[in-house]
Amino acid sequence: WQFHVEDLHPKQLNRLYKRFDTFDLDSDGRMDMDEILYWPDRMRQLVNATDEQVDNMRAACYTFFLNKGVDPVNGLLRENWVESNRVFSEAERERERRGEPSLIGLLSDAYYDVLDDDGDGTVDVDE
């Protein structure tokens with residue numbers, strides 16, 4: 001399997017780079033794990049998340065982005081972000097084929113648990 005960034009639609013490419021830039025808080029061209037783990041703490045401020053919810057979200061973010069190619073020490077360079085997304089997508093398909101848990105599901109569940117204030121398994125307009 002060979003990946004060629006030029007095979008992607010320009011609109012998709014722009015979206016991926018915009019997403020990278022959102023996580024690259026210091027705009028140094030490298031996404032660091034510390035920058036990623038800032039977002040669960042931000043959820044605490046935005047929706048009054050509990051310590052347990054933030055810890056669960058931090059663990060989910062760490063696992064998700066580690067598998068997306070963000071090295072805990074060296075981060076992930078912007079120039080490698082698009083390919084790492086493609087590789088991650090292929091790995092998610094393989095996990096699904098094998099009946100393994102989805103890492104997208106792991107992160108989504110942690111995020112929705114933060115938003116589900118009353119713990120009823122749904123997020124309604126008031127929440």
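Laboratory data are not the source of any read-out in this text; all were calculated from the coordinates shown. Everything quoted here is computed from the prediction, not taken from an experiment. Quick reminder, even Gly has a Cβ in these numbers, built from the backbone with ideal geometry, and neighbours come from all protein chains shown.
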**Request:** Mind listing the long-range amide H neighbours of Gly75? Cut-off is under 5 Å, sequence gap 5 or more, other chains count too, H placed in the peptide plane at 1.01 Å from N.
**Result:** Met33
**Message:** Of Asn14, Tyr62, Leu76, which is farthest towards the positive pole of region 1-82's charge dipole, taken about the Cα centre with +1 and -1 on the beta-carbons of Lys, Arg and Asp, Glu respectively?
**Reply:** Asn14
**Message:** Explain nothing, just the number: dipole magnitude of the chain about its Cα centre with +1 on each Lys and Arg Cβ and -1 on each Asp and Glu Cβ, in debye rounded to the nearest 20.
**Reply:** 740 debye
**Fill in**
Cα-based Rg/(2.2 N^0.38 Å) for region 86-127, rounded to two decimals, is 1.50
**Asked** Could you give me the ³J(HN,Hα) list for region 18-26, computed from phi with Karplus coefficients 6.51, -1.76, 1.60 and θ = phi - 60°, whole Hz, x at Gly and Pro?
**Response** 5, 4, 4, 4, 5, 7, 7, 4, 9
**Item:** Helix-derived mean residue ellipticity, 222 nm - over the chain, DSSP H n ≥ 4, -39500 (n - 2.57), to 500
**Value:** -20000 deg cm²/dmol
**Message:** Here are labelled values, [x] -0.82, -0.89; [y] -0.81, -0.99; [z] -0.96, -1.07, and one is the computed log10 I(q)/I(0) by the Debye sum over Cα atoms at q = 0.15, 0.17 Å⁻¹ for what I pasted. Which one?
**Reply:** [y]
**Asked** Which chymotrypsin sites (Phe, Trp or Tyr not before Pro) does region 1-80 hold that lie in a coil by DSSP with at most 11 other beta carbons within 10 Å?
**Response** Trp1
**Prompt:** Roughly speaking, what is the stretch gain from Tyr62 to Glu90, that is 0.36 nm per residue apart minus the C-alpha to C-alpha distance, in nm to one decimal?
**Reply:** 8.2 nm
**Request:** Provide, as a two-decimal number, the C-alpha radius of gyration of region 26-93 over 2.2 N^0.38 Å, N being how many residues it has.
**Result:** 1.20
